[in-house]
Structures are given as structure tokens and as C-alpha cells.
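The values are calculated or read from the model by the stated rules, or taken from the named source; none is laboratory data. Computed from a predicted structure; not experimentally measured. Every residue, glycine as well, gets a Cβ built from its backbone with ideal geometry; the counts of neighbours run over all protein chains shown.
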Ligand code: SF4
């Protein structure tokens, strides 16, 4: 359920079915032009569609003129409390201005900003924040914080409409993930305007990414949300962009760059997969294509769930295998796996996206796979597949499980109880 209305921030459409736009905010002092422009270039390179800059002082509004002229992506001016700065940002050519009408100094000042935005055809992002709801909603906020947030947002929208202004998107910010989900679901039913999603003050890279993935991911999976910003406590704004992209890629809402799949590892692992996965991830950053690359910690599953991957590797103590689309390509010593994987990927692109297969090498790899595969082993993947089957057909899954356990003659291991300390690494 995309928003009914669409606006444009610069040339970028927001809402109305346009791809969900990724935005972030610079962490620099805006008036420090070299630092701000360097960060804008970094976030644009990382995939930001839009960048927001804080404009708390006159000199920041002044710097906006240069920033807007030189930025490779549209620029939003972030204004609080000072309607004069909003007017200056519009005059400087900001592609959008973010303000909360409730804290800009009263109805006349809001009307003045709206009139300037209308004349310049500048869209606004208007919104409410759980930390600063209007006084008349404080009691409601205590009883029903979600209804209070939505009421404040709807009142803001009605104010814009009374001023005959519809060139805006709306945000409702809360530090609570459940409240963010519930309030945006409710608001999406009540207004036709594009929605900006974010979890305010989400936290560190680790916790903030998870909170954002849960909150924003839930809404995006419902089709709610037209632009997202991941708020992380880091000076590296490009990290926010990368997290936003991972959420969009996981939901298959947008594609950007390779997709890396890696098994969770378990006690069957016989090589240093942590280092291998990190190295594969690092090298994949050089590719723009949405190629899918898989890393399996062992071949006991065969190629298993990585059958659909464009390329993949699986290893054992001394030898490993490179495969493509479920078919073995070649067997190589474990320490050469990553280099050989990227040689195959580069050959694929050099040949116009065609996999290059040497039948002799492929036969050796198939032989290696046959020797290392164990069709009776209860691997995490097979247990997961059985559990999924059980969810849809309990009786059938039990029969399969019983048969497998009889074959193995042992109790099935449980992935969650696998002794992490017992992982076997062969460091090279
Ligand atoms: S059994 Fe599965 S989880 Fe364990 S190392 Fe092999 S591929 Fe990875």
C-alpha cells in the first residue's frame, strides 16, 4: 500500500509507488563546507538517494547555497525552532525543508514558511515527535501514546491543507519500535501523503540497526513507507545508508550490489569461515551487479540451500569447491578459495555474464562433492527444512524425520545447542 500522493525532492519521486528512497543525515557542522561535502559524497557513493543537513545557524543556511549547487544528490535542510532559517533555506534552493510546525513559533510563522515554499515549489517534510507533542495531547499521550502521535500528525496534515499546501511528506518519530509500527500503520490508513520512516535515536550500529530492521522492516513489508532513514550513533553516515540498503534488499524492495549468503556455521566447520566471509564481503563491495554469492562452511549438505546462488564456495580442511547455480565448477585448495572464486566471477563478467565451465575441472569437483557430502547428516539446514515441512504438514514431516533418524542411528543435533567453543578452525 504505497502512499496515494507523490512529491519530488529535487528530481527524486517520493511516494505514489516510487521506489523507497534511502536518506541519511550528515554529522558534520554544516557550515564546514569541505567536511560536509566530503560526507555527502561518501553517503552518495554508499547509495543515499537524499541527504539531510542540520541548519541551526545563519552560517549553515548560508553554506546551503554551495551545498545544494555541488551535492550529487538532493539536499534537505533540517530546521527547528527558527522560521527565519526555514525561509533562508528555501531561498538557498534546498530541495526540501524538514520542520515540525509545532515548534516553529506559531501559526503566522508557519503560514509564512508555507507561502515561501509554495512560491519556490519546495516540498516540506512535516512531522511530529513523541518527545514534543502539543500540550492538548499530553493526557492522551499518557493513556494512548499511539493515538496521541497519530492525532498530532493528522492535525499537522490538516493545518497544511487549511493553508492549501499539499507538497509535503509526513514523519512520526518515536523511540519505541512497537509505537512506531502501530502509529504508522494507523496513519497510513488516514492520510494519502508519503511517509518518512525512522526510529528516532535508535542507538549504536548494532542495536540501532536491529531496532530499525524490526520497526522499519515490519512497516515496509506491509507496503508502508516511502523514504527511510536509519539513525545510528556513529559519525560515519554511510553506515546508516548501508543498513538501509540491507533492509530494502532483504525485503526485495530494491536491488543494489551483490547479495552475500553465508551459513551460520556449526561444529562441522573445518576452516576459518569468519575470515573468509569477511574477505568475500569486502571484495564484493567492488561490484555493482546484484549477483548472489554464497559461502557454506562445509559440503555435508551438498550445495543445499545455496543452489540458487550465482556463485559460491564450500570448504573442508584442505580442499574446497567453487560452484555456480548448483553445479560444481572446480576444486581448489582451501587457502585459494577466495581468490579462485573472484577469478570465476571476473571470467563470468568478461564473458558477458556467462559462466565459464571446464568439464575436466567440474568432474573433479563433482567427485570431491560426492566424497564430502553426507545425505544422512542432520545439518542445521536440513533440520530447518524439516521444521518448515512440519509447520505445513506435521504428520509427513514426522515420518521423514523418523526415517532420517533411523538411518543416522543417532540423536539429531540441535543448531542452537551446538557448542560454539567446539568449532574447529584450521587457520592458515
Ligand atoms: S552443516 Fe550447514 S551450518 Fe554447519 S558448517 Fe555445514 S553448511 Fe554451515
### Task
Being part of a helix (DSSP H, G or I), more than 31 Å from the chain's Cα centre (by Cα) and crowded, with 17+ Cβ neighbours inside 10 Å is the filter here, so list the residues in the range 367-391 that pass it.
368, 369, 372
### Task
Evaluate the following for residue 53: is it crowded, with 16+ Cβ neighbours inside 10 Å, touching a strand residue (DSSP E or B) at 6+ places or on another chain (Cβ under 8 Å), within 17 Å of residue 171 (Cα to Cα) and free of Cβ contacts under 8 Å to residues at least 40 places away in the same chain?
yes
### Task
May I ask you to list the residues in the range 21-43 that are outside any strand (DSSP E or B) and in contact with a strand residue (DSSP E or B) (Cβ under 7 Å, 6 or more places away or on another chain)?
26, 30, 36, 40, 43
### Task
Name every residue in the range 291-318 that is at pLDDT below 90, under 16 Å from residue 362 (Cα atoms) and either more than 27 Å from the chain's Cα centre (by Cα) or within 12 Å of the ligand (Cβ to nearest atom) (or both), in order of residue number.
299, 302, 303, 315
### Task
Please work out if residue 149 is part of a helix (DSSP H, G or I) and either without any contact (Cβ under 8 Å) to a residue 24 or more places away in the chain or surrounded by fewer than 16 Cβ atoms within 10 Å (Cβ to Cβ) (or both).
no
### Message
I'd like to verify a number: residues in the range 224-274 that are within 16 Å of the ligand (Cβ to nearest atom) and touching a residue at least 12 places away in the same chain (Cβ under 8 Å), how many?
### Response
14
### Task
Within the range 249-260, identify whether any single residue is over 23 Å from residue 128 (Cβ atoms), in contact with a strand residue (DSSP E or B) (Cβ under 6 Å, 6 or more places away or on another chain), buried (at least 16 other Cβ atoms within 10 Å of the Cβ) and at pLDDT below 90, and answer yes or no.
no
### Query
Regarding residue 18, is this residue touching a strand residue (DSSP E or B) at 6+ places or on another chain (Cβ under 7 Å), more than 22 Å from residue 212 (Cα to Cα) and not in a helix (DSSP H, G or I)?
no
### Task
Please find, within the range 192-208, the residue that is nearest to residue 39 (Cα to Cα) out of those that are in contact (Cβ under 8 Å) with a residue 60 or more places away in the chain and in a loop (DSSP other than H, G, I, E, B).
200
### Unmet requirement for residue 105, which otherwise passes all of (1) modelled with pLDDT under 90; (2) in contact with a helix residue (DSSP H, G or I) (Cβ under 6 Å, 6 or more places away or on another chain); (3) part of a helix (DSSP H, G or I)
(3)
### Task
Please determine, by comparing only the residues of the range 319-339 that are without any contact (Cβ under 8 Å) to a residue 40 or more places away in the chain and surrounded by fewer than 18 Cβ atoms within 10 Å (Cβ to Cβ), which one is nearest to the ligand (Cβ to nearest atom).
326
